[in-house]
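Structure, as structure tokens:
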Amino acid sequence: MSAAMDNVAEPESKDLERLCEIEATVATGLEEIAKDEADEKLGVDSRISRGRILLQIPIKNVSKALELGCIDNLFILMTERSNFPFVDDEGKHNSHQDIIKRLIQKDPRKRRRIRRVSDKENGVNPEKNEREEAQNENKEEQGDKDVDSKQEHQKDEEEDALRDQKNDKEDKSNVTDLSEDVEDKNEESKTELDEDPALKKPRTKITTHNPLLPSFRVTCNRNGKNHRFDSMGAASNFGGAVNEYFGWNVSMKNFDIEVVLNIEETDLRVCLALTKESMHKRNIISFGPTTLRPTIAFCLLRLCKIKEGDVVCDPMCGTGSIPIQASLGWPGSYHLCGEINNKSLSRTSENIQHVNDLRKEADKKQIQLDPLKWNAHYLPLRTDSVDVFVTDLVCSVYSFLMGSKQDNWKLYPGAMMDMARTCKVGSGRATILTQDKKCFNKALAITAKYWKCWRMTGFNMGGLAGCIYSLYRTKEVFDDKDSSSWMAEVDATARKKDN
């Protein structure tokens, strides 16, 4: 087994002792955006891995990490191992359990950190427990010195046991007939118990619940093709090792601590979850059929490079994920949003009210945001008045009113035309998210003299491949004649739908 990659350096001062390594998950493909946010707000140099970033910060700044807008989940990285010797078959899971148990016990500082988490949850003095554990560690070191002598003694006992087994086999051959008769009688008694439900004994729980200890569960995330075990088996064995050593209560639903076991090929990471549920649901209580995750919405806004005083507009806001995140993250800018569907407008209003209620309880300033009903092809905005456009074309309910996905070939160019009209010439920007890249590329070709693409970011959105287009407005003055033909076709299609 390779050497351990400790996530906490050997302390040279008291400040270094308070460092911890955080693993933050993010939508695959948006790791670079999340890294820039973490480096900017936390002042650290984070590392990027697939679908996550790793950053080492002081423990006192962990609460600041929970405020990062691009992050879905946060974990404390306790131990990381490369080329871990996993068990090849399920028949050796006991040895697998012993290996994982030693993995937890190996570093006393990490073991004390886990105990400190459980002590704070239950109001126990952690310093007293640390002193007691330090005494126990000295006893364990003294006990390790006697291991070699005990092993030699065990070998002698095993040899004596083998001799006794040979003698027992000879004795057992003489009583086989008697044992068969006893087995037949036991089978008859079992059948009688099965037939009579009154004789059945009620099942009792093997484990007991200790109210002075926290509850926990183990979650295993596994990625690899050559594993001879499944995720449930790894989680159960690891959970058994944790329960045996710490004595914590096991609860799959009402848990206080979630231990996460991440397995990627031959690499193993053990983490403690800081979030009970994913933060991609924050600020949203009224969901629509295609509600955009607030974490992804925040990544879109980061790509826009919003400045103080900018006018930011989402012409197809859906349920309001983008404008709400923009108002919270960039309070010094002006934010506009609208949608053509009445249900989406009501959901947006509910979500805005929910955010304002939470901020009122926390004595914070409420966000100033009101959704408007409009058509993305005819925005009620003045020409050359918007600095930044941010929208998710996937979430637009307008495509459902238009009909099938094929009608997006008319929707996208018309929307891009009117955004070109209202966006500031030479300095305007736009960030567009879509899954229909072929259709959007056509719309971009039609409006090529007004919009130029400087970056394309592909990412995985719930198993679907999405693409983020970062555009800038050229210095070409808008000509109304360019959009007249497209507007006529869109109006004709809408009349057919109404009829």
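Given the pairs LYS424/LYS452; LYS373/LYS481; LYS449/LYS475; LYS281/LYS305, which are separated by over 19 angstrom at their Cα positions?
Beyond 19 Å: LYS373/LYS481; LYS281/LYS305.
Just flag the GluC sites (Glu not before Pro) in region 229-304 sitting in loop per DSSP whose Cβ has no more than 13 other Cβ atoms within 10 Å.
GLU277
Since every read-out is calculated from the coordinates, none of them should be taken as a lab result. Nothing here was measured: the structure is a model prediction, and the numbers come from that model. So basically every Cβ, Gly included, is an ideal-geometry build from the backbone, and we count neighbours across all protein chains shown.
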